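K.L.:
Shown below is the structure under consideration.
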Amino acid sequence: MNEDNTHHLPYFDEVNKMYTMREAIEEAKRCLHCKVPQCKKGCPIENNIPDFIHELSKGNMGEAMAILHEKTNLPAICGRVCPHEKQCEGHCVLGRRDNPVRVGKLESFVAQFDAEMNLTHERIPEKTRGKVAVIGSGPAGLTVAGDLARQGFNVTIFEGQPEPGGVLMYGIPEYRLPKAVVRNEIKRIEALGVHFVTNCLVGSPESGVTVDSLFAQGFDAIFMGTGTALPQNLNVPGANLRRVTQSTDFLHNVNAYVEGALPYEMVPLRKGDRVAVIGGGNVAMDAARTAQRLGGDVTVIYRRTQEEMPAIKSEYEDAVKEGVKFMWKTNSIEFLGNEKGRVRAIRLATPDGEHTVEFDRVFLAIGSRPASRIVGTTKGIDVDEKGYVIVGDRPKGMTTRRGVFAGGDVVHRPQTVVLAMKAAKEVAVGIAQYVDAIKLLEECGQ
């Protein structure tokens, strides 16, 4: 598939313009190199922010990349999709004057430069410490794989989709996260010696691969990074009408269309359609801004206030600039259909009473939950009442089934990319401790 065939769709070009080398170095020189760097405290994975920026300010790109690699496996992605205003940049002392150092843009610049110039080649230890299977290749799976491969583990990732990347590949729109960037980061993880098995949905009858069969193949530990693949449905009359679609399905199809893998007919939206997006998180913003780009007349309907909306603030502000409308403190009571069984309007409870508003399409973005495919085909993995996997603290991230670990959204409920990575890094430590311990016991003849 051609990575460049998105250029006939200029409205899907990346919105976050990259720095030139001169701009990046000028921005890096603004960093005060604080003795107690608040930016680092604000980063969930504690990136060594002042150090990489200092090296960048001197033009030492390889050194800057090496410092990023100490903590992150996905710098080009985090630099683009993290909620920086709540994290590193939100803690920068220069932010008091409303002009924090643009940490995210500097991070993605270093990673992009490194990828284009093929600068860094890490020394990888021999894969002698044990075999680990990773199920799912989203942010959590990629992070565990990268961390363990760097420590001498032989890691294989099993992914149900045709291409690895999970939500990074199939959920986040091209204009926020170009797919070429995701592919570059995955190549980097592959270069650490990680193997990828795609089109393999663990726990499905078609694949024939289960947790038990992976143990039988000789894996010492298994990590479930399967995320929350099942979207939540809205429990109101008319929710099953045609053209009431999950935002995740819409985004998946649009990403495939932008890539040239699906024809336009498969995108569930036509120019001029009146579109309602129900929800207030980042998926709702992605769906709204994508629908707007495709010529929809888009309104986001959210049950709480603007201040309570969980979406990244800059994503909301960009949506407003792009023409998306918002209805606050509004609940959907009923979807009304026409004689063809298609949605035609929504009956809404608004702060000024009930109103019926006409819409041609509705995209739901009210959250997601884990699929039960793996838990259902494996004995001994306990979940809570909502289907989230229960894990312990010693070793970190191990489920109630010995040797099976889990992390990211499948445990912690849907969160941001970097929070899934933070959890995964902690679990990677637990997996390493566990595998080392069982190897030691085997050597002692236990």
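The values are calculated or read from the model by the stated rules, or taken from the named source; none is laboratory data. All values derive from a computational prediction rather than experimental measurement. Here Cβ is always computed from backbone atoms with ideal geometry, including for glycine, and neighbour counts include all displayed protein chains. Side chains included, ligands, DNA and RNA excluded: accessible areas come from the protein's heavy atoms. Shrake-Rupley method; radii C 1.70, N 1.55, O 1.52, S 1.80 Å.
K.L.:
Contact order normalised by length for the chain, with contacts defined as Cα pairs under 8 Å and 6 or more residues apart; what percent is it?
P.N.:
Relative contact order here is 15 percent.
K.L.:
A further question follows. How large is the Kirkwood hydrodynamic radius of the stretch 111-181, in angstrom, based on all distinct alpha carbon pairs?
P.N.:
Mean inverse Cα-Cα distance, inverted, gives 13.7 Å.
K.L.:
Only helices at least 18 Å long along their own axis, judged from Cα atoms, and with Kyte-Doolittle mean hydropathy of -0.5 or greater: name those in the chain from DSSP H.
P.N.:
Correct list, ordered by number: 103-117, 417-443.
K.L.:
Could you tell me the largest-minus-smallest coordinate of the C-alpha atoms of the stretch 69-126 on each of the three principal axes, in descending order and whole angstroms?
P.N.:
Reported extents, whole Å, longest axis first: 47, 23, 18.
K.L.:
Counting only the backbone N, which residues of the stretch 10-42 are under 15 Å from the spot 7 Å out from the Cα of residue 96 toward its beta-carbon?
P.N.:
Under 15 Å, as judged by backbone N against the label point of residue 96, lie 32-39 of the stretch 10-42.
K.L.:
When the expected Rg is taken as 2.2 N^0.38 Å, what fraction or multiple of it is the alpha-carbon Rg of the stretch 98-150?
P.N.:
Taking the Cα Rg and dividing by 2.2 N^0.38 Å, one obtains 1.56.
K.L.:
If you wrap a convex hull around the C-alpha atoms of the stretch 198-285 and split its volume per residue, what is the figure in Å³?
P.N.:
177
K.L.:
From the Cα trace of the stretch 334-416, what convex hull volume per residue do you get, rounded to a whole Å³?
P.N.:
In the stretch 334-416, the Cα convex hull volume per residue is 161 Å³.
K.L.:
The stretch 1-138: D in µm²/s via Stokes-Einstein (Kirkwood Rh, Cα pairs, 37 °C, 0.692 mPa s)?
P.N.:
This corresponds to a translational diffusion coefficient of 200 µm²/s.
K.L.:
Round to a whole number: what % of the accessible area of the chain belongs to carbon and sulfur, probe 1.4 Å?
P.N.:
Values: 9930 of 20290 Å².
With neighbouring chains kept in place, the figure for the chain is 49 percent.
K.L.:
Still on this structure: Counting only C-alpha contacts under 8 Å and six or more residues apart, can you give the relative contact order of the stretch 83-228 as a whole percent?
P.N.:
26
K.L.:
Hey, another quick one. For the stretch 305-380, count all C-alpha to C-alpha pairs, find those more than 17 Å apart, and express that count as a whole percent of the total.
P.N.:
On the way: 1825 of 2850 pairs.
The share of Cα pairs beyond 17 Å in the stretch 305-380 comes to 64 percent.
K.L.:
Within the set of other residues whose C-beta is less than 12 Å from the C-beta of residue 232, count the net charge using Lys and Arg as +1 and Asp and Glu as -1.
P.N.:
+3
K.L.:
While we're looking at this one, here's another question. Using only alpha carbon positions, build the gyration tensor of the stretch 219-357, then give the equivalent ellipsoid semi-axes as the square roots of 5 times its eigenvalues, largest first, whole angstrom.
P.N.:
Square roots of five times the eigenvalues give 25, 20, 18 Å.
K.L.:
To continue, here is another question. Could you state the per residue volume, in Å³, of the convex hull enclosing the Cα atoms of the stretch 255-336?
P.N.:
97
K.L.:
For the chain, what is the accessible area per residue in Å², given a 1.4 Å probe and the full set of protein chains? Present the calculation step by step, with values, prior to reporting the outcome.
P.N.:
Details: 20290 Å² over 446 residues.
Per residue, the chain has 46 Å² of solvent-accessible surface.
K.L.:
What Kirkwood hydrodynamic radius do you get for the chain when you take the inverse of the mean 1/r over all pairs of distinct Cα atoms, in Å? If you can, show how the numbers build up before the last one.
P.N.:
Details: mean 1/r = 0.0432 Å⁻¹.
Every distinct Cα pair counted, the radius reaches 23.2 Å.
K.L.:
Which residues does a label at residue 191 reach in the stretch 149-163, if reach means a backbone N under 12 Å from a point 7 Å past the Cα toward the Cβ?
P.N.:
Within reach of a label on residue 191: no residues.
K.L.:
Continuing with this model, one more query. Count neighbours as other Cβ atoms within 10 Å of each site's Cβ, and list the GluC sites (Glu not before Pro) in the stretch 174-231 that are DSSP loop with at most 13 such neighbours.
P.N.:
206
K.L.:
Among 264, 171, 319, pick out the residue whose Cα is farthest towards the positive end of the charge dipole of the chain, where Lys and Arg carry +1 and Asp and Glu carry -1 on C-beta, about the Cα centre.
P.N.:
Going by the charge dipole, the pick is 319.
K.L.:
Now, a different point. Provide Rg and Dmax in Å for the stretch 297-346, with only Cα atoms included in the calculation.
P.N.:
Values for the stretch 297-346 (Cα only, Rg and Dmax): 13.5, 41 Å.
K.L.:
In terms of modelled amide H atoms, which long-range or inter-chain residues lie less than 5 Å from the amide H of residue 300?
P.N.:
Those qualifying (amide H under 5 Å, at least 5 residues apart or on another chain) are 277, 325, 326, 327.
K.L.:
Give me the dipole magnitude in Debye, nearest 20, for the chain about the Cα centre, with unit charges on the beta carbon: positive for Lys and Arg, negative for Asp and Glu. It would help to have the intermediate numbers written out before the result.
P.N.:
Working: 55 positive and 56 negative charges, 134 e Å.
Taking the Cα centre of the chain as origin, the dipole is about 640 debye.
K.L.:
Looking at the P(r) of the stretch 382-446, how many percent of alpha-carbon pairs lie beyond 15 Å?
P.N.:
53
K.L.:
Fully extended, how many nm does the chain gain between residue 394 and residue 199 (0.36 nm per residue separation, minus their Cα-Cα distance)?
P.N.:
Contour length minus the Cα-Cα distance gives 66.9 nm.
K.L.:
For the stretch 130-257, with equal point scatterers placed on the C-alpha atoms only and solvent neglected, what are the log10 I(q)/I(0) values from the Debye formula at q = 0.14, 0.16, 0.18 1/Å, to two decimals?
P.N.:
-0.67, -0.83, -0.98
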